[in-house]
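Undergrad: One structure, as structure tokens, below. Some questions next.
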Amino acid sequence: MAIAQFGKETSSRGEFVRQPNRFTDRITADGSSGRRPEAGRYRLIVSLACPWAHRALIVRGLLGLTEVISLGVVDPIRDERGWRFTLDPENRDPVLGIEFLSEAYLASDPEYAGRVTVPALIDTVSGTVVSNDYPQITLDLSTEWREFHAPGSPDLYPVPLRAEIDALIESIFHNVNNGVYKAGFATGQAAYEKAYLALFAELDRLSARLERSRFLVGDQITEVDIRLFTTLVRFDAVYHGHFKCNREKLSEMPVLWAYARDLFQTPGFGSTVDFDHIKRHYYVTHPKINPTGVVPVGPDPAGWSVPHGRS
Ligand SMILES: N[C@@H](CCC(=O)N[C@@H](CS)C(=O)NCC(=O)O)C(=O)O
């Protein structure tokens, strides 16, 4: 069996099995979780390369929470000690005062031995991790932080649409968001092909759906569009080549490509996309997949600004 990129998360059949999220505390509007929303107290740590962190970055912006929840951005390249704050003066996060995200994880759980992941929501008072539970972080920003939402901000998780949104979230997570990782991190042919087929079957279903409606659930952007977007925007730059998801490029799937451009051109989306961080992260930090660490120059991002023609 080939050597896996993440050995502890690879099954004997060569399948990638993602680790559970360790920190799952919540910040709730009524404080019943022991924490309530507070302006300036919590800090969101992201990598601009990471699709799971990217969701939180988009939602925070769309809801007008940028002055309420501060943002720290890690270097897209991890060293053996993990995510680093080398983009900040003196290589330290200016608010938390730490050089490595692992310091916050270990302050929260000195025994922590899993991967130190982004996004992470940190309590700036204690310096500990409140949550690295990325699916819950965005839902809580939408539903529990309402008192701080900017006037007129969208409802990304409307109550009457939740059953439909949740069902799509589930299949998109398994087949697309995590599906590209299952293809890319597979160490066996069968595991890879299974993930590849499931991915493109789901993309075909989504494409058919998006032929009929502008967004995944009706004519408004919801949480599930954001979750699909963060995978689609990385597709041609990374997943098509590096993760071998190459039946077609996104730019060769007309409906999905126009839909992705529609979102990209919506305020709060395109400005959060950093193709340099995205490409350097994947191509440099997966040495089992790309041993040379050479980062591709293309594709030309100019296509993202071509009018999408959707309405
Ligand atoms: N928390 C989830 C998802 C978040 C995640 O995987 N983030 C990636 C970046 S896209 C990360 O932080 N990886 C750190 C590592 O692999 O050491 C997980 O543990 O799988």
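The values are calculated or read from the model by the stated rules, or taken from the named source; none is laboratory data. Since the model is a prediction, treat every value here as computed from it, not as a measurement. Note: ideal-geometry Cβ built from the backbone for every residue, glycine included; neighbour counts use all protein chains shown.
Undergrad: Select, from S126, S102, the only residue that is over 18 Å from the mean Cα position of the chain (by Cα), more than 11 Å from the ligand (Cβ to nearest atom) and either more than 26 Å from A237 (Cα to Cα) or assigned to a strand (DSSP E or B) (or both). Steps first, please.
TA: Numbers: S102 fails: more than 11 Å from the ligand (Cβ to nearest atom).
Within the list S126, S102, the selection yields S126.
Undergrad: Still on this structure: Hand me the list of helices (runs of 4 or more DSSP H) wholly inside segment 202-311 holding 3 or more residues that are hydrophobic (A, V, I, L, M, F, W, C) and crowded, with 22+ Cβ neighbours inside 10 Å.
TA: Those helices (runs of 4 or more DSSP H) span 223-234, 254-264.
Undergrad: Counting just the residues of segment 48-91 that are within 17 Å of P154 (Cα to Cα) and within 12 Å of the ligand (Cβ to nearest atom), which one comes out surrounded by the fewest Cβ atoms within 10 Å (Cβ to Cβ)?
TA: R55
Undergrad: When only residues in segment 131-148 that are in contact with a Pro (Cβ under 8 Å, 6 or more places away or on another chain) and in a loop (DSSP other than H, G, I, E, B) count, which is nearest to the ligand (Cβ to nearest atom)?
TA: The extreme case among them is N132.
Undergrad: Here's something else I'd like to know. Can you pull out every residue in segment 54-72 that is under 17 Å from G270 (Cα atoms) and not in a helix (DSSP H, G or I)?
TA: Correct list: L63, G64, T66.
The rows are residues; the columns are (1) under 23 Å from the mean Cα position of the chain (by Cα); (2) not in a loop (DSSP other than H, G, I, E, B).
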| site | (1), (2) |
| --- | --- |
| R13 | no, no |
| N21 | yes, no |
| S32 | no, no |
| R43 | yes, yes |
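Undergrad: Same structure, new question: Quick one: count up the residues across segment 57-73 that are free of Cβ contacts under 8 Å to residues at least 40 places away in the same chain and among the charged types (D, E, K, R).
TA: 1
Undergrad: Here is a check on your reading of the model: is V294 in contact (Cβ under 8 Å) with a residue 12 or more places away in the chain and either of a type in the set (A, V, I, L, M) or within 16 Å of the ligand (Cβ to nearest atom) (or both)?
TA: Considered against the rule, which asks whether it is in contact (Cβ under 8 Å) with a residue 12 or more places away in the chain and either of a type in the set (A, V, I, L, M) or within 16 Å of the ligand (Cβ to nearest atom) (or both), V294 comes out as no.
Undergrad: Which of the residues that make up segment 254-284 are out of contact with any helix residue (DSSP H, G or I) (no Cβ under 6 Å at 6 or more places or on another chain) and closer than 17 Å to K244 by Cβ?
TA: Listed by number, the list holds a single entry, Y283.
Undergrad: Do we find that H240 is assigned by TED's automatic domain parsing to the domain that holds E202 and not polar (S, T, N, Q) in this structure?
TA: yes
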